[in-house]
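See below for the structure under consideration.
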Amino acid sequence: MSTLRSMLGAAALASLALTLGACFGSANSEESRNPPDRPTEEENCEAKGKNDEIRLALAPACEGCHLTGNKPFFASLTSFESGLVYNEKYVKRGDPENSMLIQLLKGVAPGSYPQMPPGQPYSELIANGRVTLTIDKVEAWIRDLPAPPAELETPAPGEFTVRRLSAEEMVVSLMAQLGLTLEDFVSTSATDWRDSAYIVAGGRFFVWPGDWSPGISGQYISDSRTIERFEALGGGNSLVYRKKDANFGPSAGQALVQMSQAWCARAVDKSGNKAVLRHVTLADTSAKNPDAVQKNLRSLYLRMLGQPPSEAEAQALYTQVYLPLEAQNTRLAWIGTCAALVRHPLWITY
Ligand code: HEC
């Protein structure tokens with residue numbers, strides 16, 4: 001198991017770091033613009049003009065709260081321009097002193113939120129290097145702000161924004177995709193088990209929200225980390241006023257790596273479960289029954305990601321994930337393949 005974990009874990013986390021939010025921060029950090037092994041497909045992260053440069057440079061300070069929600073200024077250049085830059089309420093073209101954006105950065109805005117980000121002066125973020133764009137430069141940009149682009153008001157259906165799946169969505173959809181049910185994780189020995197706090201079996205890496213009824217039992221035989229894992233995955237808990245995390249950070253990545261492996265293993269081991277092993281059995285190897293292995297790999301990809309793989313992707317999954325693990329055994333190979341798909345950017349995002 002340790003080879004599986006280290007190999008897949010590293011690969012998945014590396015690809016996540018590159019894919020999710022890869023653009024943000026690139027305008028002000030040499031390092032993130034040129035990491036050692038970034039694939040070439042990311043030219044679209046280059047700033048598209050001055051407004052975009054400002055957006056990318058402010059993003060590290062702001063996007064944590066303004067990617068989604070009712071003020072998603074940092075979801076895209078279009079949102080930034082139409083919601084913030086060319087909104088007279090926030091930016092008065094040519095007049096930084098009277099622009100609320102500047103007042104917010106200085107912490108002197110009128111209204112209930114005098115400062116952005118709330119609770120931490122922008123100047124402090126500059127001092128500790130989280131952002132490098134100074135307030136002076138934001139002022140200079142507003143002074144010379146270009147006129148709004150002509151198409152600002154037209155709807156742009158192409159501007160879909162991608163967000164991570166919430167922890168709830170991950171738990172519920174992974175369970176369904178893998179053919180698992182609550183019975184696979186919690187004790188069903190009491191007849192009324194559905195109505196009382198779940199007694200979670202140990203060693204199964206169950207992940208469940210802390211504020212869903214009937215709750216998780218606090219008995220010592222119940223796996224008490226269940227709720228903790230859910231929160232690591234980015235989930236909230238209304239009972240303790242914990243907000244969900246809109247980002248996909250390292251702790252969520254780590255939780256998902258472990259969850260994907262444990263849950264895929266359970267799915268493979270569950271007798272009669274065709275979710276992962278649809279066209280093969282564990283007796284089929286790539287030497288003995290190559291067609292069945294290829295067919296299953298492609299159908300599993302489709303099942304998990306909702307689209308068929310390109311030939312290159314199917315090949316990469318086969319040679320880089322399936323085959324090396326098959327050298328140990330087929331069970332491990334399918335668990336690893338399944339887990340790799342759960343950490344695929346297409347699975348994690350919506
Ligand atoms: C920790 C979360 C958080 C961060 C980080 C943050 N904001 Fe906000 N922002 C809020 C909240 C909460 C509100 C007020 C609620 C709302 O209107 O959605 C808000 C409101 C605003 C508003 C509207 C103010 C108004 O009165 O209409 C602007 C503009 C804004 N933020 C800009 C920024 C900018 C620029 C940054 C980065 C420098 C930033 N925010 C960082 C949480 C945050």
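Assorted remarks:
- Test for ARG194: is it closer than 27 Å to GLY249 by Cα, in a loop (DSSP other than H, G, I, E, B) and of a type outside the set (Ser, Thr, Tyr): no
- Taking the range 108-129 as the range and being crowded, with 16+ Cβ neighbours inside 10 Å and either over 15 Å from GLU63 (Cβ atoms) or more than 10 Å from the ligand (Cβ to nearest atom) (or both) as the test, the residues that pass are ALA109, GLN115, ILE126.
- Scanning the range 273-295 turns up no residue that is within 19 Å of PRO345 (Cβ to Cβ), over 20 Å from the mean Cα position of the chain (by Cα) and not small (Gly, Ala, Ser).
- Among residues of the range 80-109 that are farther than 10 Å from ILE142 by Cα, those with a beta-carbon under 7 Å from a residue that is in a helix (DSSP H, G or I) and more than 11 Å from the ligand (Cβ to nearest atom) at least six positions away or on a different chain give the pairs PHE80/ASN51; GLU81/ASN51; GLU81/LEU152; SER82/LEU152; TYR86/LEU152.
- For the range 44-62, the candidate set comprises residues that are within 8 Å of the ligand (Cβ to nearest atom) and of a type outside the set (Gly, Ala, Ser); within that set, the residue that is farthest from ARG164 (Cα to Cα) is LEU58.
- Residue check for SER99: at pLDDT 95 or above and within 16 Å of the ligand (Cβ to nearest atom): yes
- Flag if SER217 is over 24 Å from the mean Cα position of the chain (by Cα), in contact (Cβ under 8 Å) with a residue 12 or more places away in the chain and on the phi < 0 side of the Ramachandran plot: yes
- Output for the range 63-96, where each listed residue is part of a helix (DSSP H, G or I) and within 10 Å of the ligand (Cβ to nearest atom): GLU63, GLY64, CYS65, HIS66, PHE80, GLY83, LEU84
- Among residues of the range 45-79, those that are in contact with a His (Cβ under 8 Å, 6 or more places away or on another chain) and either surrounded by fewer than 20 Cβ atoms within 10 Å (Cβ to Cβ) or of a type in the set (Val, Ile, Thr) (or both), counted: 1
- Single unsatisfied condition, ASN296 versus (1) in contact with a Lys or Arg (Cβ under 8 Å, 6 or more places away or on another chain); (2) crowded, with 18+ Cβ neighbours inside 10 Å; (3) part of a loop (DSSP other than H, G, I, E, B): (3)
- Residue check for GLY119: at positive phi and out of contact with any helix residue (DSSP H, G or I) (no Cβ under 6 Å at 6 or more places or on another chain): yes
- Reported count of residues in the range 133-154, each being among the hydroxyl-bearing types (Ser, Thr, Tyr) and more than 13 Å from the ligand (Cβ to nearest atom), is 1.
- Of all the residues in the range 213-243, those that are in a loop (DSSP other than H, G, I, E, B) and buried (at least 17 other Cβ atoms within 10 Å of the Cβ) number 7.
The values are calculated or read from the model by the stated rules, or taken from the named source; none is laboratory data. Predicted model only: the values in this text are computed from it and were never measured. Every residue, glycine as well, gets a Cβ built from its backbone with ideal geometry; the counts of neighbours run over all protein chains shown.
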